[in-house]
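Notes to accompany the following structure.
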Amino acid sequence: AQSVTQLDSQVPVFEEAPVELRCNYSSSVSVYLFWYVQYPNQGLQLLLKYLSGSTLVKGINGFEAEFNKSQTSFHLRKPSVHISDTAEYFCAVTGRNRDDKIIFGKGTRLHILP
Amino acid sequence: DTEVTQTPKHLVMGMTNKKSLKCEQHMGHRAMYWYKQKAKKPPELMFVYSYEKLSINESVPSRFSPECPNSSLLNLHLHALQPEDSALYLCASSQGRRPLRNSYNEQFFGPGTRLTVL
């Protein structure tokens, strides 16, 4: 079984500052890792995913994440945030079998300060 | 068309009402999902349909009844709900075929139906 821990429930950051949202996972098997974003009153949108290969993954809207197997982490970063990045961010994991379910972390609310 | 649409956007119902939520996709996906999301919480999986057959029911109470009339449509019939069932209900779809090695069938989410049970 897999689990995901998002270490911060809220992250306030000034506009144009860099941000890192932390995610750690636990699994006894190889996994796929994801970051989803949920803007206010909307569904979930996939930001980026790690399946295999390069550990640095680039996503949409200038976000990137680094898979670190030894630290079982998949932290999300953006070098300069914008007010439009205000949203809830969910880290998620799934096993590599077809029927494995997505396990979501509890979410981190990114609050951009003007 | 890479959209999953859900109707209605908002629904208010009493505990004795019967209502239905609708989800539609035209991406040729063969797997469809219902999730329930309470405020400030992650989505929780409720049901999975694979090739129009129910493949996963996460021990959801029988007052929620899913239906998949065809490969593009997914319904969630609601009856005798409780106030604690108030939540955002999200639908998602994915290709549904066995993924190739090191690939993943991405789930595409709809915008959700915000349900309030009085």
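The values are calculated or read from the model by the stated rules, or taken from the named source; none is laboratory data. The structure displayed is predicted, hence computed values, not measured ones. Cβ: placed from backbone, ideal geometry, glycine included. Neighbour counts: every protein chain shown. These area figures cover heavy atoms from the full protein model, side chains too; ligands, DNA and RNA do not enter into them. Shrake-Rupley method; radii C 1.70, N 1.55, O 1.52, S 1.80 Å.
Using a 1.4 Å probe and counting only protein heavy atoms, how much accessible surface gets buried when B and A come together, both sides summed, in Å² to the nearest 100? Answer for the B-A pair: about 1800 Å² buried. Basic side chains Lys and Arg get +1 at the Cβ, acidic Asp and Glu get -1 at the Cβ, and with that the dipole of the protein assembly as shown about its Cα centre reaches some 480 debye.
Within the protein assembly as shown, the cysteines lacking any other cysteine Cβ closer than 4.7 Å to their own Cβ are B:Cys68. Between B:Thr7 and B:Ser59, the C-beta separation translates, for a Förster distance of 30 Å, into a calculated FRET efficiency of about 0.65.
Placing a pseudo-label 7 Å from each Cα along the Cα-to-Cβ vector at A:Thr5 and A:Ser84 gives an inter-label distance of 3.5 nm. Between the beta carbons of B:His26 and A:Ser70, assuming R0 = 45 Å, the FRET efficiency works out to 0.55 to the nearest 0.05. For chain A, the convex hull spanned by the alpha carbon atoms encloses 98 Å³ per residue. Once the 1.4 Å probe is applied to the protein heavy atoms, chain B comes out at 52 Å² accessible per residue.
What is the packing order of peptides B:19-25, A:107-113, B:49-55, A:82-88, taking the mean over residues of other C-beta atoms within 10 Å and listing the highest first?
B:19-25, A:107-113, A:82-88, B:49-55
Among the residues of B:10-22, the average count of other protein chain beta-carbon atoms within 10 Å of the residue beta-carbon is 0. Directionally averaged projected area (the range B:45-101, Cα convex hull): 4.8 nm². Under a no-solvent Debye model with one identical scatterer per Cα of chain B, what's log10 I(q)/I(0) at q = 0.11, 0.19, 0.23 Å⁻¹? The calculated log intensity ratios at q = 0.11, 0.19, 0.23 Å⁻¹ are -0.34, -0.98, -1.38.
For the range A:39-93 versus the range B:44-118, the spacing of their alpha-carbon centroids is 24 Å. For each pair in A:Lys49/A:Lys106; A:Lys101/B:Lys53; A:Lys106/B:Lys40; B:Lys19/B:Lys40; A:Lys101/B:Lys18, compute the distance between the two Cα atoms and list the pairs where it is over 20 Å. Violating the 20 Å Cα-Cα cut-off are B:Lys19/B:Lys40; A:Lys101/B:Lys18. Using the Kirkwood radius built from alpha carbon pairs, what does the Stokes-Einstein equation give as D for the protein assembly as shown at 25 °C and 0.890 mPa s, in µm² per second? Translational D for this selection: 133 µm²/s. Modelled spin labels at B:Asn70 and A:Leu113, positioned 7 Å past Cα toward Cβ, are 5.4 nm from each other.
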